[in-house]
Each structure stands twice: as structure tokens, then as C-alpha cells.
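A short write-up of the structure that comes next.
Throughout, read-outs are computed from the coordinates displayed, never taken from laboratory work. Since the model is a prediction, treat every value here as computed from it, not as a measurement. With ideal geometry, Cβ positions are generated from the backbone for all residues, glycine too; neighbour counts draw on all protein chains shown.
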Amino acid sequence: MRPEPGWHRPYLATPWLWRGRDPRGWDCWGLIAWCRPQHFGRPAADHADLYSGAMPASQAERFDLQASLIGAHVGQWSRLDRPQPGAVVLFNVAGRPVHVGLCLGRGLFLHAHHPAGARPGVPATIIENLSAHAWARRVEGFYD
């Protein structure tokens, strides 16, 4: 399944929302869980049980939870040698695989980014380049 050109544009206004699972608001995993099936016909199972309860009090606790969720899925996917549209890119942040994005092609990826100090509800779904300094050194792998 090939998505329509520019399919991602409406999502650029989507705010970051912990446990969000649709274009009204999502976290990085919610973006993957919504966009892969909708636009690439690829599954992205969601483990709501790992996300139950309140947002963890500390960033370290949130990273632990995200690493558990992501780790549960990465083992079910095939690792790719290089990025391709619709593939999940896994990023290592602070020594843990805790962030995901969706490869768009031409070295670009879409992700729901929650920078430190960002307010809830502020649009945070953005396109960035895999070769950007902030991300290139953090790429853990590509999965389908």
C-alpha cells in the first residue's frame, strides 16, 4: 500500500499527548499506531496495559515504561538494513530505546516530539531529517 503524496501534512498540527492514540493528540507510539495501519497497511499493535495509569512522575520512569512498550514490539518486527517509507525508526535517548518515528523517504521521518518544557496541547508532530545532528547518532535501527 502506497500512501497519497502529502498524506502526513494534516498531522503536523497534532499535539503531543501522553497515551494519545489519534490525531486529536498522541505520543510517539500513538503516531506509529495510527499512521502505519491508516497509510501503509502495516500493523502497529498497541499495548494499552503498559500505558495504563497516570503519567510516570519522573522522566526516568517514563523512559522505563516506553522502553518496555517499544521493546515488546521491536522483537516482533523485521529489522531493515536501511530506512524505507512506512518503516519505524527506533531512537536511543539517554541510553535507552525510547523514541520512535515513521520513515517518510528521502531521509525524512515524522514523529511526535515532546521537547523539555513543552506545554501539553501544543502541536508537536514534526518532520525531521535522519541525518540531523540531534538524531543521526541516536538511530538504533529501522523496523517493519
A correct fewest-to-most ranking of ASP22, ASP81 by other Cβ atoms within 10 Å would be ASP81, ASP22
If LEU31, LEU130 are placed from fewest to most neighbouring beta carbons inside 10 Å, the sequence is LEU130, LEU31
Ordered by fewest other Cβ atoms within 10 Å, a rough proxy for footprinting exposure, LEU17, LEU110 read LEU17, LEU110
